[in-house]
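Peer 1: My structure is below; once you've seen it, I'll send some questions.
The values are calculated or read from the model by the stated rules, or taken from the named source; none is laboratory data. Keep in mind that what you see is a predicted model, and the values were worked out from it rather than measured. Here the Cβ positions follow ideal geometry from the backbone for every residue, glycine too, while neighbour counts run over all protein chains shown. Please note that ligands, DNA and RNA were not included when accessible areas were found on the heavy atoms of the full protein model with its side chains. Shrake-Rupley method; radii C 1.70, N 1.55, O 1.52, S 1.80 Å.
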Amino acid sequence: MRMIISHRHILQILVMWAMSCGFESWGAGYEHFDRDILPLVTANCVQCHGPDEEARKADLRLDQEESVKNVLTEILERITTTNSNEVMPPPKSGKKLTDQQKKSLRDWIDAGAPWSEHWSTRPLQRPELPEGLDVDDQKWTGNPIDLFVLAEMKRHGLKPSAPASARTLIRRMSFDLLGLPPTLGDIEKFEKDFANDEERAVQSLADRLLNSVHYGERWGRHWLDVARYADTCGYDKDKLRPNAWPYRDYVIRSFNQDKPYAQFVQEQIAGDALFPDSADGILGLGFIAAGPWDFIGHVEIPESKIDGRIARHIDRDEMVTSVMNTFTSATIQCAQCHNHKFDPMTQDHYYGMQSIFAAIDRADRLYDANPDVSRKRRELESEISTYKSQLQLLESEMIHAGGEKLASLEKSIRDLETATALKSRPDQYGFHSDIVNQPDEARWVQIDLGQDWKLSQLILYPCHDDYAGIGAGFGFSRRFVIECSTDESFADRVRVVDEREHDVPNPGLSPVK
């Protein structure tokens, strides 16, 4: 997994990629096809004459070379005719070719209709190495890729830069591999070693930097970007993820351990199945859960509602997209709505992958650094599950044997427990937090009866609220005063109830007289 990549290496990789595509595929005819013809046909024709059998018209495909070359003459006639019943695209489609687009099609057909497959489907080709390089050129090159870089530079009249000095080289390598500058002592030592033996000094420096714990911190962050890692969930509430960091440390440690890439991939996709006795087999799964997560859509909105179902679909799409984009460099998410245009991936493939993640939910998960502890935990959990099943069977037999008498006793017990719970939870009732900020804050309510009444008795009726398990007694104050008056100014008020000295027990739904 370890690499040393400089800007020069990146340029080499890009040039090598271009060579692998083959220079002949970049000729004038092919360039014209890729730039003008393919986008034109895709935008205006493929919807009705493409891979979708149900939408296909006239049993004609214009996304395949053999099919297109059988109808070249008809294509020219259809795009140039003035007959509204024959012209293509048809007027009802809302699409119309410009004069320049028609000319491009005509020029392409006149050139023999050269066809170029999409670059992603072309086989790799090994190009011939550039020739005509002198001795000084060959001294500069260190591998065959350098030959292509140098040939392109010379074509533009450019020359390679002079070799970097020892001081410049150690700074570049230190920043590239660790993201940190070298110390003054490191620079002085490297300059001495470099003066004696350049190759050995560079190799020794590379080994030292790669063995530093900071290497994984520097390069692991690139993988964390790929994994969409964050310490918060994103979306509206952007809630903190207090237990996200173990996956971050797992990635850093994997880079520093030079873990085989194949194992690194397996741990992150199916670590619990492939490496159940290892901590990394669990920690690696953090990759699947590292991306954004809609707390509101998953926790506060049930899946029975449309918004809840949409949130879960988006979450599964995020998992599928992350796996495929990261490990195959393929944008399979396009296949949510249509078969992929250039890759052999259909909607069936996409939703088949979604089904793999359909039973997954994001949650905190226990893991053990010691494999023996992990194995023992699974054994105990299995035993607990067995005992629970046996207990449920015994309870079922007891209920059946107890009959109506046992059912009546259990109901009485539940009623007593409910009444006791209501009295022991004074914090479950009181004024709503939207009305006052603190439970001990003074507040009052005035009721106008409309006319004078002779009152002989006051009865307070508590209410009930299902939200968040508040239950009976919601809205009933623990301490209160009731005063009456016949004057609008409340000047002649008379205090008829005073419960300010002691908390009033939660009355549940029982009237208070």
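Peer 1: Amide H of Ala472: which non-local residues (sequence gap of 5 or more, or other chain) have their own amide H closer than 5 Å, using H built in the peptide plane?
Peer 2: Asp465
Peer 1: Quick one: which residues, 5 or more positions from Glu483 or on another chain, have an amide H under 5 Å from its amide H? H modelled 1.01 Å from N in the peptide plane, none for Pro or chain starts.
Peer 2: For Glu483, the qualifying residues are Val496.
Peer 1: Calculate, for the chain, the solvent-accessible area per residue in square angstrom, rolling a 1.4 angstrom probe over the heavy atoms of the protein chains.
Peer 2: Heavy-atom accessible area per residue stands at 68 Å².
Peer 1: What figure, in Å² to the nearest 10, do you get for the accessible area of His502 with a 1.4 Å probe and non-protein molecules left out?
Peer 2: Taking all protein chains as shown, His502 has close to 140 Å².
Peer 1: For Cα pairs less than 8 Å apart in space and 6+ apart in sequence, what is the mean separation divided by the residue count of the chain, i.e. the relative contact order in percent?
Peer 2: 8 percent
Peer 1: A further question on this structure: If R0 is 30 Å, what FRET efficiency do you get for Asp99 and Lys69 from their C-beta distance, rounded to 0.05?
Peer 2: Calculated value: 0.80.
Peer 1: State the percentage of accessible surface on region 95-151 attributable to carbon and sulfur atoms; use a 1.4 Å probe and exclude ligands, DNA and RNA.
Peer 2: Carbon and sulfur atoms account for 52 percent of the accessible area of region 95-151.
Peer 1: Under 19 Å Cα to Cα from Lys454, which aspartates and glutamates show up? Leave out anything in the same chain fewer than 8 places away.
Peer 2: Glu483, Asp487, Glu488, Asp492
Peer 1: So what are the ³J(HN,Hα) numbers for region 481-490, from phi and the Karplus equation (6.51, -1.76, 1.60; θ = phi - 60°), rounded to whole Hz, Gly and Pro as x?
Peer 2: Rounded to whole hertz, the list is 10, 10, 10, 10, 7, 9, 10, 4, 7, 6.
Peer 1: Assuming 0.36 nm per residue, please report the length gained on full extension of the stretch Asp372 to Ser510 beyond their Cα-Cα distance.
Peer 2: Contour length minus the Cα-Cα distance gives 44.0 nm.
Peer 1: Another question, if that's okay. For the pair His338/Glu117, report the inter-label distance in nm, with labels modelled 7 Å from Cα in the Cβ direction.
Peer 2: Between His338 and Glu117, the simple spin-label model gives 2.2 nm.
Peer 1: Expressed as an acute angle from 0 to 90° and rounded to the nearest 10, what is the orientation of the C-alpha long axis of helix 184-196 relative to the principal long axis of the chain?
Peer 2: Computed tilt is about 20 degrees.
Peer 1: Tabulate in residue order the Karplus-calculated ³J(HN,Hα) for region 69-85, using 6.51 cos²θ - 1.76 cosθ + 1.60 with θ = phi - 60°, rounded to whole Hz; enter x for Gly and Pro.
Peer 2: Each residue of region 69-85 in turn: 5, 7, 10, 4, 4, 5, 4, 4, 5, 6, 7, 10, 5, 9, 6, 5, 7 Hz.
Peer 1: Return the whole-Å distance between the Cα centroid of region 251-269 and the Cα centroid of region 349-392.
Peer 2: 23 Å
Peer 1: For an R0 of 22 angstrom, estimate the FRET efficiency from the Cβ-Cβ distance between Arg253 and Ser329 and round to the nearest 0.05.
Peer 2: 0.30
Peer 1: Here is a further query. Once neighbouring chains are kept in place and the probe is 1.4 Å, which whole percent of the accessible area of region 175-311 is contributed by carbon and sulfur?
Peer 2: Answer for region 175-311 is 55 percent, counting heavy atoms of protein chains only.
Peer 1: Past the 30 Å Cα-Cα mark, which pairs from Lys69/Lys92; Lys259/Lys376; Lys139/Lys259?
Peer 2: From Lys69/Lys92; Lys259/Lys376; Lys139/Lys259, over 30 Å: Lys139/Lys259.
Peer 1: Another one. Using 0.36 nm per residue, how much length does the chain from Ala151 to Ile269 gain when fully extended, once their Cα-Cα distance is taken away?
Peer 2: Separation in residues times 0.36 nm, less the Cα-Cα distance, equals 38.2 nm.
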